[in-house]
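Participant: Sharing a structure, written as C-alpha cells. Questions coming.
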Amino acid sequence: MPKQINVALIGNPNTGKTSVFNALTGLNQKVGNYPGITVEKKEGICKLPRGVKAHIIDLPGTYSLNASSLDENLVIELLLNKKDKDFPDVAVVVSDVENLKRNLLLYTQIKDLEIPTILVINMSDRMEYKGIQLDIPYLEKELKTKIALISTRKKIGINGLKDLISNYKDLSITPCLNASEIDNTYFDKLRHAFPNQLLYKLWLVITQDVNFGTIDRNQVDAIDSFKTKSNADLKRLQQKETIKRYQFINNTLKKGQSIDLSTAKDLRIKLDRILTHKVWGYLIFFVILLTIFQAIYDWAQVPMELIDGAFASLSEWTKNIMPQGAFTDLIAEGIIPGLGGIVIFIPQIAFLFLFIAVLEESGYMSRVVFLMDRIMRRFGLSGKSVVPLISGTACAIPAIMATRNIESWKERLITILVTPFTTCSARLPVYLIIIELVIPEGRIFGLGYQPLTLMLLYLIGFGTAVCSAWILNKILKIKSKTFFVVEMPNYKLPLFKNVALTVLEKTKSFVFGAGKIILAISIVLWFLASYGPGENFNNAEAIVTTEYASSNLSQQDLQQKIASHKLEHSFIGITGRAIEPVIKPLGYDWKIGIAIVSSFAAREVFVGTLATIYSVEDDDVDTITNRMAKDTNRTTGGKLFTLASGISLLLFYAFAMQCMSTLAIVKRETNSWKWPILQLVIMSVFAYIVALIAYQFLK
Amino acid sequence: MNTIIQNILVFTSLALAIWFLLQKFGLFPKRKVATNKACGQDDCGCH
C-alpha cells in the first residue's frame, strides 16, 4: 500500500463538499490556483489509520461529467488523465441526503470510469427532520460501493470515512451502467477501433472534446474504421445516457430510500416565502446590508486604532535602535508606514469577509442571487451575471473569470465590461481612510454617517454596473438568448470552522497579494521622495533657513519646512507637480496625484503611497490619518482633505479603472485589446468628470 | 563605513523592488514551468 493515497473530493455544489474537506484535513490545507488559470485549487493532508496519509484535493463543484464550464472541465480532465500527478487512487463523491437522486447522476458517471469510488451521504442529521430513511446495505449493493453516512455538522461518520479511504483497494470498480447500452452499434465500432481503451472514457473524449493520455478528439476522428456522429446526434445520445442513468437511480432509490412527508417538519418554504418576497425580500436584504456596514465600523474601531498606534511606535523604535542612515530611513519611513497603511484595514476586511461567509454558509446568498436576477433581467442581463457581479465585491479578476459560465457572448461581454464597477475589497482601504477623514462621526436613527457612506458607495458601484449593462445592451447589436437556473440550498447554521477558515484564507490572500506590491512600491516611492536633482533639493537646508531667517520659527517648525521643501523638490515631488494641473480642478494636490498614479498597479496601493509620502515629510510620532488630516491645500490655504475633495476622491475611485491586473484579464478573456482599452478610457473619463462635478459643486 | 553599507542596502532594495514590479506587471516574462500538454494544464484558450 502506498504511504500516501491520492483522494479526489467530487460532488455537486452545495452538498457540503468543503465541509467534508475541512473535516478531513483540518488546518493541513493550502489554497492555490490550477496552473495557468484562476480556478481555486484546494489541497490538504489527512492522517489515516496505520500511519497512512491521504493527499486530498477538493475539486470544483460539478453537476455531471457533461462539462459546460472551465471548473467542470478540470474535474473531467483530472479523472481521465492517469498521468496527472493528482490522479486519484480513490474518488470520494459527496452527496446531500436531501438531493440524493440528483447527486447520484455524477456518482454513476464517475463509477463508470472504473476508479475506486466511495459514496459519502452528507447531512445525515437532517434525515429525521425530513422524514428520510435509507437502506444502506441495499444501496451499497446496487451502487456497487461502500457508503459513508456522515454529518459534518454533528461530526458523525468522519472516522468511518477515513477507514473506507484507507481500505480503498477493497472497493469494487464495476461500473453502474454498461456504456454500450447508450447505442450498441456505435459503441461496438468504437470498441473495435480502440480495443484497449475504456469505452466510457472514449465516449467522454468524443462528447466533451477533452484529452486524456495520448488520445484526443482529433485522433478519434482520424481513425478510418470509425466515423463519429454529428454534434446533434451526439447530443441526442448524451440525453439518452442521462435518461438511462436516471432510470437506474430511480429504480435504486425506490427500494433504498423512503421519504415520509407526514413526519417532515420544514421551515424552508416559509422562510423562502419571506426572504425572496418581491417587497420583503429586498427590504430584509437592505436591513442586512445596513447591519453589516454598521458592524464593520463599530467592531473594527478598537483593533484598528491599536494597529495604527503600533505601526507609528514601531517606526519610531526602528529609528532609535538602528544606526542612523539611509537604510534605517527606508525601513522607518518607507517600508513600515507603507505596510502599516494596509495592515490597519485587516480588521474591517476580515469582518466583511466574515459576514459574506456567514451569508454564504447559511444558504441566504443563493436567495440574494435570486432576488438580484429579478432586477438584472429588467436591465437585459440574466441571473448568470449576478454571480460575477456579487463575487466582484471580493476581486474583479476571479469575477471576470467566472463569466466563462455565461454561454451568450453578448451577455458575457457586458458582464466583463461592467464588473469592475462593483466595489472590490481593494477599494475598501481607500474608501475607509477617506471616509474617516471627511465624513463626521455622528449618527442618524442609530446608524453612523460613516457606515452609511460606505454602504452608499457599494450601492453606487452596483447601480452603475447595472445601468452600464443596460446601456451596453442597447448599444451592442449581438443577438443571443440565455437562461438561468439557480439552486436554493437548505438553510443551515453556519459551521464555525468553515467560516473561520474562509475568513482566514481570504484575509491572508488580500494581505499577501497586495502586500508584496505595496512593499515594492513603498521602497521605490521612498527612494523617489528622499532623493532629488539640483540645487533646490541638495541645498534645501540653506535655502529654507535663509528664507525664514527673519521669522521666529522654532527649531521643530524649521525642520518641518526643510522636510517639506525637500519633498517638493524630490523626484516624486517634481513628477507630482507635473501632473498637478490635471488633478487640481478635482481638489487634489500632487501627493494625491502620485497616489492615484501608483495605485494603478492596485487600488489599495493608494493608501500605502500616501502613508510613505507623509512619513517622509513628517518625522513626528503620529498616525498616518492624523498627518493627512492636518495637511493643507497650497492653493486654497485650507485643509487638503475636505468634504468636497474627499467626496470627489471617493467618486473617482468608485468609477475609475484603477487596476492593471483587471485590464490584463479582460484582454485575455475577450482576446482583444479593444475592450480593455475602451473600458480604461471610458471609466477613467467618467470618473474624472463625476469627481470634477462633485468637487466644483461641493467646494 | 556605516553610510556606505546603508547606501548599498538601499540601492539593492531598490533594484529588487523594481525588478519585482517589472516582473509582476509582465515586462520581464516569468520563466514557464513545463507541464504536460493536457488541456487545462496550460490554458490552451479553447474554453
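Participant: Compute and list, largest first, the equivalent-ellipsoid semi-axes of the protein assembly as shown from the alpha carbon gyration tensor, each √(5λ) rounded to a whole angstrom.
Facilitator: Values: eigenvalues 595, 156, 136 Å².
Three semi-axes, in Å: 55, 28, 26.
Participant: Suppose the Debye formula is applied to equal point scatterers at every Cα of segment A:372-415; what is log10 I(q)/I(0) at q = 0.20, 0.27, 0.28, 0.29 Å⁻¹?
Facilitator: For the requested q values the scattering log ratios are -0.54, -0.93, -0.99, -1.04.
Participant: Moving to a separate point now. Calculate the translational D of segment A:4-170 in whole µm² s⁻¹ from Stokes-Einstein, where the hydrodynamic radius comes from the Kirkwood formula applied to all Cα pairs, the temperature is 20 °C and the viscosity 1.002 mPa s. List each step's numbers first, then the result.
Facilitator: Working: Rh = 15.9 Å.
D, rounded to a whole number, is 134 µm²/s.
Participant: Now for a separate question. Based on the Cα coordinates of segment A:550-645, what is the per residue volume of their convex hull in Å³? If you can, show how the numbers build up before the last one.
Facilitator: Values: hull volume 11.2 nm³, N = 96.
In segment A:550-645, the Cα hull volume divided by residue count equals 116 Å³.
Participant: What lysines does A:K477 reach when the alpha-carbon gap must be under 24 Å and sequence neighbours fewer than 8 apart in one chain are set aside?
Facilitator: A:K384, A:K410, A:K667, A:K674
Participant: To continue, here is another question. If you line up the long axis of helix A:674-698 against the longest principal axis of chain A, both from Cα atoms, how many degrees apart are they, to the nearest 10?
Facilitator: Orientation of helix A:674-698: about 40 degrees from the principal axis.
Participant: Kindly give the semi-axes, whole Å and largest first, of the ellipsoid equivalent to segment A:495-602, taking each as the square root of 5 times a Cα gyration tensor eigenvalue. Walk me through the intermediate numbers first.
Facilitator: Details: eigenvalues 308, 58, 37 Å².
After scaling each eigenvalue by five and taking roots: 39, 17, 14 Å.
Participant: Shifting gears a bit: From the phi of every residue in segment B:8-16, what ³J(HN,Hα) in whole Hz does the Karplus formula 6.51 cos²θ - 1.76 cosθ + 1.60 yield, where θ is phi - 60° and glycine or proline is x?
Facilitator: After applying 6.51 cos²θ - 1.76 cosθ + 1.60, I find 4, 4, 4, 5, 5, 4, 4, 4, 5 Hz.
Participant: With the contact rule set at Cα under 8 Å and sequence spacing of 6 or more, what percent relative contact order holds for chain A?
Facilitator: Details: 1055 pairs, mean separation 77.0, N = 699.
Once normalised by length, the contact order is 11 percent.
Participant: Right, something else. Can you sort A:Y186, A:Y282, A:Y431 by how many other beta carbons sit within 10 Å, fewest first?
Facilitator: Exposure proxy ranking, most exposed first: A:Y282, A:Y186, A:Y431.
Participant: What average count of beta carbons from other chains do you get within 10 Å of the Cβ of residues in A:527-539?
Facilitator: On the way: counts 6, 1, 0, 1, 2, 0, 0, 0, 0, 0, 0, 0, 0.
What the average comes to for A:527-539 is 1.
Participant: Now for a different question. Per residue of A:78-87, count partner chain C-beta atoms within 10 Å of its C-beta, then hand back the mean as an integer.
Facilitator: On the way: counts 3, 0, 1, 5, 0, 2, 4, 1, 0, 0.
Going residue by residue through A:78-87 and averaging, the value is 2.
Participant: Now, a different point. For A:I5, list long-range residues whose amide hydrogen, built 1.01 Å from N in the peptide plane, is under 5 Å from its own amide hydrogen.
Facilitator: A:K53, A:A54, A:H55
Participant: As a footprinting exposure proxy, order A:S64, A:S564 by other Cβ within 10 Å, with the fewest listed first.
Facilitator: Working: A:S64 20, A:S564 15.
Fewest-to-most ranking of A:S64, A:S564: A:S564, A:S64.
Participant: List the residues, sorted by chain then number, that are 5 or more residues from A:I118 or on another chain and whose placed amide H is less than 5 Å from its amide H.
Facilitator: Result for A:I118 returns A:A91, A:V92, A:V93.
Participant: Taking the convex hull of the alpha carbon atoms in segment A:310-441, what volume per residue do you get, in Å³? Write down the numbers at each step before the final one.
Facilitator: Numbers: hull volume 22.3 nm³, N = 132.
Convex hull of Cα atoms, per residue: 169 Å³.
Participant: For chain A, build the charge dipole from Cβ charges (+1 Lys, Arg; -1 Asp, Glu) around the Cα centre, then report which of A:V582, A:V685, A:Y186 sits farthest towards its positive end.
Facilitator: Positive-end residue among those listed: A:Y186.
Participant: A follow-up question, please. Quick query: amide H of A:K41 versus all other amide H atoms, modeled in the peptide plane; which residues come in under 5 Å with a sequence gap of 5 or more or a different chain?
Facilitator: Amide H to amide H, under 5 Å and 5 or more residues apart or across chains, A:K41 pairs with A:G32, A:N33, A:Y34.
Participant: Once you keep just the Cα pairs under 8 angstrom separated by 6 or more residues, what percentage relative contact order results for segment A:414-470? If you can, show how the numbers build up before the last one.
Facilitator: Values: 36 pairs, mean separation 29.5, N = 57.
Relative contact order of segment A:414-470: 52 percent.
Participant: Here's another thing I want to ask about it. Provide a whole-number value for the mean count of partner chain Cβ atoms within 10 Å of the Cβ atoms in peptide A:239-250. Before the final figure, lay out the partial values.
Facilitator: Working: counts 0, 0, 0, 0, 0, 0, 0, 0, 0, 0, 0, 0.
Taking all residues of A:239-250 together, the mean is 0.
Participant: Against the longest alpha carbon principal axis of chain A, how many degrees, from 0 to 90 and to the nearest 10, is the axis of helix A:199-208 turned?
Facilitator: 40
Participant: Related question: Each residue of segment A:545-557 in turn: what ³J(HN,Hα) in whole Hz from Karplus with 6.51, -1.76, 1.60 and θ = phi - 60°, glycine and Pro shown as x?
Facilitator: 4, 5, 4, 9, 4, 7, 7, 8, 7, 6, 4, 5, 5
Participant: Right, here's the next one. On C-alpha positions alone, give me the angle between the axis of helix A:427-438 and the longest principal axis of chain A, in degrees, nearest 10.
Facilitator: 30
Participant: Also: In whole Hz and in residue order, list the ³J(HN,Hα) couplings for segment A:300-315 that follow from phi through the Karplus curve 6.51 cos²θ - 1.76 cosθ + 1.60, θ = phi - 60°; x for Gly and Pro.
Facilitator: Those phi angles translate into 8, 4, 4, x, 5, 5, 5, 5, 4, x, 4, 5, 4, 5, 4, 4 Hz.
Participant: Could you list B:L16, A:L567 in order of exposure, starting from the residue whose Cβ has the fewest other Cβ atoms within 10 Å? Please report the intermediate quantities before stating the final value.
Facilitator: Working: B:L16 12, A:L567 23.
Ranking B:L16, A:L567 by Cβ neighbours within 10 Å, fewest first, gives B:L16, A:L567.
Participant: Related question: Among DSSP beta bridges lying fully in segment A:4-170, give the percent that are antiparallel, nearest 5. Please report the intermediate quantities before stating the final value.
Facilitator: On the way: 12 of 33 bridges.
Around 35 percent antiparallel, to the nearest 5.
Participant: Now, a different point. If you count, for each residue, the other Cβ atoms within 10 Å and average over each peptide, how do A:360-369, A:170-179, A:118-127 line up from highest to lowest?
Facilitator: With the highest mean Cβ count within 10 Å placed first, the list reads A:118-127, A:360-369, A:170-179.
We did not get these values from a lab; they are worked out from the coordinates using the rules stated. Source: prediction; values computed, not measured. Here the Cβ is made from the backbone with ideal geometry for all residues, glycine too, and neighbour counts use every protein chain on show.
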